[in-house]
1. Rounded, prolate or oblate: pick one for segment 201-266, where a ≥ b ≥ c are the square roots of the eigenvalues of its C-alpha gyration tensor, a/c under 1.5 means rounded, and failing that, prolate if a/b is larger than b/c, else oblate.
2. When a/c reaches 1.5 or more, the comparison of a/b and b/c decides; with that in mind, is segment 153-266 rounded, prolate or oblate per its Cα gyration tensor?
3. In whole angstrom, note down how far apart the Cα centers of segment 124-153 and segment 238-262 are.
Ligand code: SF4
């Protein structure tokens, strides 16, 4: 299948109303308040019915998500710590839920979609699992959808996205493809190059090592070190990062985090 063919799948059905790719892309907003009612109600329905499912893995130290392993381990640790302490990330934290929502809208357009991949790994704490959920598989290709601001189109593909899709591709023995949906126009990035196979295997091994690092941090209740990168620009903990050395520091910031990320007032 040619990459261009996939565009025809981007005919999204929201609550019985079809949207063409251009209309859909134009309606993607990076502020939840600006979303049309049709998308907002869909979001509430999807997030409401999947909240428990969404949180379940984050309470289990023996399941590490691929997305966590390829991103900042410190951020992943703090998110899990807050969830364990009962902070309920609310829908107003659009940045946290946005990717999940579009995944759930777009991947049902493909017959083979949203299935988990589990990679068993051992470390000194025993066996744990690295979990990924692919968005779609078409023939011998595994696809992941990503949303991106139009101002970021020149910076694609993003490194952590490449790491994620390469990890899936090696684990599943498929070819990797990322499809970026921007709020200007759908942008498709095709990542499969046979000569990159060795690079993909190396990235896969690195993901395993990073997952072990996060697993050890969670089991030992130790906050991972800072990993300064472009991801810090979008990190909800950026302004607190320098203040956090141990979980005690997170505890002392808890009222602030509750107010910022939970359902509490502004
Ligand atoms: S600010 Fe940067 S280093 Fe700190 S938790 Fe966020 S992504 Fe990680």
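Since every read-out is calculated from the coordinates, none of them should be taken as a lab result. Here the structure is a predicted model, which means the values were calculated and not measured.
1. prolate
2. It comes out oblate by the Cα gyration axes.
3. 28
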